[in-house]
1. Per-residue counts of other Cβ atoms within 10 Å, averaged by peptide: what ranking do you get for 310-316, 414-420, 65-71, highest first?
2. Quick check: pseudo-label points 7 Å beyond the Cα along Cα→Cβ at residue 376 and residue 227, how many nm apart are they?
3. With each run of n ≥ 4 DSSP H residues scored as -39500 (n - 2.57), what mean residue ellipticity at 222 nm is computed for the chain after dividing by its residue count and rounding to the nearest 500 deg cm²/dmol?
4. Would you please put 256-262, 124-130, 404-410 in order of how densely packed they are, using the mean number of other Cβ atoms within 10 angstrom per residue and starting with the highest?
5. Mind giving me the nanometre distance, one decimal, between the label points for residue 407 and residue 359, set 7 Å out from Cα along Cα→Cβ?
6. In the chain, what percentage of the DSSP-assigned beta bridges are antiparallel, given to the nearest 5?
7. What shape does segment 65-111 have by the C-alpha gyration tensor, where a ≥ b ≥ c are the square roots of the eigenvalues, rounded means a/c under 1.5, and otherwise prolate means a/b greater than b/c and oblate the rest?
8. In terms of the Cα gyration tensor, with a ≥ b ≥ c the square roots of its eigenvalues, is segment 1-107 rounded because a/c is under 1.5, prolate because a/b exceeds b/c, or oblate?
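Each reported figure results from applying straightforward, stated rules to the coordinates on display, with no laboratory input. Given the structure is predicted, the values throughout are model-derived calculations rather than measurements. FYI the Cβ positions are ideal-geometry reconstructions off the backbone, even for glycines, and counts take in every protein chain you see.
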C-alpha cells in the first residue's frame, strides 16, 4: 500500500483517534489471539482480531455508536434510520436503546433469522424493523426513501465519515496490542467502511504495515469499482457472505481505498465455507461467512490462496463477526465439499430394469466414495429413467478415476457443473 501524507488521510486518521476515545465505554477492546492452525499452515505468526466477541458480535457496533454519539438534541428528536444485512442493525439498535433514540431498521428478506432476533433483543421498543427487498442494496434504497419522507437521519452502514472513523478504531487497538506493528492486516470488504478506516489509520500510524482487503468473489463490488475507476452496480451477487454481499461499494469508501492504493483480493465463497468449518472444529470460533473472509484469504506459497504471506511475517486477520445461524451449516458444508473437490453431481440415465442401481454402485463407485444425493424419476413408458446423483469422494484426487469408470460404463452419465442451472436447482 502506497503511504502518502494527504490531508484527507491525516484528517481521517485523527477522526479515528477521536472515535476511539468517544466509544471507549460502548465497546470492548477485542482480544488479539494467535491462531496455531493458521500459523502452522503458513509459517507466519497469524493473529485473529476477535471482533466477533463484541456485545453485538461484530465490529459494526463501533461505527454505529461513533455516529450516534455525535448527534445533537434536534437530530436525536428527529429519529434515525438505517439499512443493514444484520450486523450494523444490531449496533444501531443497541445505540438507540442506550441513547434513548427512536430508530427504524430496514433489512432484506435474506437476513438470517438469528440476526433479526438479535436486533429485536438489542433494540427493544426503541426500534422498528422493516423486512423488505432481496439484498442489502434494496434495503438501503428503502431506508433512504424513509429518511426523505420522515426527516429521519440516515445512519450509514459504511459510507459516512463518522461510521468509517468508528469502524477504523479496530486499527487503534491493533497498534496498541501488537508491537512491533504487524506486517499485514487482512480485512473483509463489503461496502468498504472498516477497511477504509483501518487503512487510513495504518497509513498515518503504522507505516510499515500493509493493509489488504478480502472480498467475496461472488459480490466483488469494491474490486469492480477499483477496476472501473468509480463505484459500479453489480447486476447479480452471491449472497452467501451476507455481511459483505453488496452490489455497490460506497462512494466515500471507494475514494479513500483508491487514494491509498489498497489492494483488494477476491476470495471464493467455497474457501470461506471451508475456513468457517475449520474455525469451528479446530479453533472453537463461531464465525459468520464474512467473519471468515480474512483468514480464508491467506496461505503459504503454493497454496493457491489469494494472499500469500511470507514465513516469519506477522499477520492480523480481522474476524469481523460471529452472527451465524446454525441452520446454515448444511449449506456451509455443501459449499466446502464442492470447493474442496470432494462432492460432484451427475445426471444418470438408469435402465429401468432390476439390478441397474446395484451395478452402478459396484462398477462405478470407488471404495471410499458415497452417494450423497439421489433423486430418481421413474417413467413407465420409457426404457430408462434419469436420476440426479450427488457423489462424495474419499479424496479429491479420486475424481479422474471415477470419470474414467463412468466413461467406460454402458450407462449414459452427464456431469453437472457448478455453472449449470441444474446444479443450482438441486445442490
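1. Values: 310-316: 17.0, 414-420: 13.1, 65-71: 23.1.
Order by mean packing, descending: 65-71, 310-316, 414-420.
2. 4.5 nm
3. The helix contribution divided over the chain gives -12000 deg cm²/dmol.
4. Put in order of decreasing packing, that is 256-262, 124-130, 404-410.
5. Spacing of the two 7 Å Cα→Cβ label points: 2.1 nm.
6. On the way: 24 of 56 bridges.
Given both bridge residues lie in the chain, the antiparallel proportion sits at roughly 45 percent.
7. On the way: a/c = 2.56, a/b = 1.96, b/c = 1.30.
Prolate, because a/c is 1.5 or more and a/b exceeds b/c.
8. Oblate shape, in that a/c is at least 1.5 and b/c is the bigger or equal ratio.
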